[in-house]
1. Once you wrap a convex hull around the alpha carbon atoms of segment 6-221, what is its projected area averaged over all directions, in nm²?
2. Do you know the relative contact order of the chain, to the nearest whole percent, from alpha carbon pairs under 8 angstrom that are 6+ apart?
3. Helix-only mean residue ellipticity at 222 nm, the chain, DSSP H runs n ≥ 4 weighted -39,500 (n - 2.57), per residue, nearest 500. What is it?
4. How much length is gained if the chain between Thr233 and Glu202 is pulled fully straight, taking 0.36 nm per residue apart and subtracting their Cα-Cα distance, in nm to one decimal?
5. How would Cys212, Cys73 line up from fewest to most surrounding beta-carbon atoms within 10 angstrom?
6. Among Arg240, Arg114, rank each residue by its count of other Cβ atoms within 10 Å, from fewest to most, as a rough exposure measure.
7. Of the candidates Thr42, Thr227, Thr138, which one comes out as most mobile in a Gaussian network treatment of the chain with C-alpha springs shorter than 10 Å?
8. To the nearest 0.05, what FRET efficiency results for Ala3 and Asp144 with a Förster distance of 25 Å applied to their C-beta separation?
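Taken together, the values in this text are just the output of simple stated rules run on the coordinates, not laboratory data. All values reported here derive from a predicted model rather than from experimental measurement. Positions of Cβ are generated from backbone atoms using ideal geometry, with glycine treated the same way; all protein chains shown enter the neighbour counts.
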Amino acid sequence: MSAPEFREIARGTFVRRHTELELNIGLVVGSERALVIDTRSTTARGEDLAAAVREITPLEQVVVNTHAHYDHCFGNAAFRDSQIYAHVGAAESLQRTAEHQRSQVVEHLHRTERPELAQTYLDTEVVLPFYLVEDEVTPVDLGDRTAYLLFGGRAHTDHDLVVAAPDVDVVFFGDLIEQGADPAMDDSFPLEWGPTLQTLLEHPHVNGATACVPGHGEVVDLAFVRTQQGVLTALATELRAALATGVSDVDGLVAKTKGLGLQDATLRDAAVRALETRSSHAGVDAAR
Ligand SMILES: [Zn+2]
């Protein structure tokens, strides 16, 4: 297996695809700073990434964590001298869940007989992001160009950031979009994900994108993103309708959401999360 390499998908804008989980890391290089989008899943992998970035550019590295799942931010220790941006909810979530996430991964790696890789997770120091943003749009000045951190609402988590480089029509969607597998629902807000994505797709920094980078899988076009947004919006609509008619169990909700093209396991996770998050969703509706 050849080592991962940064591929330039637009001027000064790169994607590095990794064998672990088909993870994509983004890089946006300006005249003064370079923005690294996500940090991989361990300190060792983060260090490999930081070295790969230095081969592209000697400039100061600035980092954003798209969200607090381990595969996107457990490499932060390798970037501890950098400004690390994230949504305020990501820092809270990472503080609360990091040790649980670590133990889940370590347990899985031992179960699948990969003790050496498990040890690299145990050797990883979790470093929290500390440039915390809450606004819908946060510019990150890179010198001759600006990248934008966009927050559209709750979706894959309650704190996903999307990163836009509108000067080259590239958008990094984090796990709001997934190619090659279903969107991951475990921590999601399935009643809101589709509408959140719709809001983001209407944003002027997003609606002209020619390259859309998912958190995992192949780089896709806007039509792919719109299709996935349509599926997620249909899922939200079906779940809301079922909940409104009194369906209140996982099997019942799964039965109502078949036919959207999502795997049964995905529908089950979505149903569980719809039931867990429905009251907070009602609150959101009432506030609007
Ligand atoms: Zn994720």
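1. Details: hull surface 43.0 nm².
Seen from a random direction, the Cα hull of segment 6-221 projects 10.7 nm² on average.
2. Details: 573 pairs, mean separation 40.5, N = 288.
Reported as a whole number, the value is 14 percent.
3. Working: 8 runs with 115 residues, N = 288.
Calculated from helices alone, the mean residue ellipticity at 222 nm is -13000 deg cm²/dmol.
4. Details: separation 31, 0.36 × 31 = 11.16 nm, distance 1.45 nm.
Extra length available between Thr233 and Glu202 comes to 9.7 nm.
5. On the way: Cys212 25, Cys73 31.
In order of increasing Cβ crowding within 10 Å: Cys212, Cys73.
6. Working: Arg240 16, Arg114 13.
Arranged by neighbour count, lowest to highest, Arg240, Arg114 become Arg114, Arg240.
7. Taking springs between Cα atoms under 10 Å, the residue moving most is Thr227.
8. On the way: r = 30 Å, r/R0 = 1.20.
Between Ala3 and Asp144 the formula returns 0.25.
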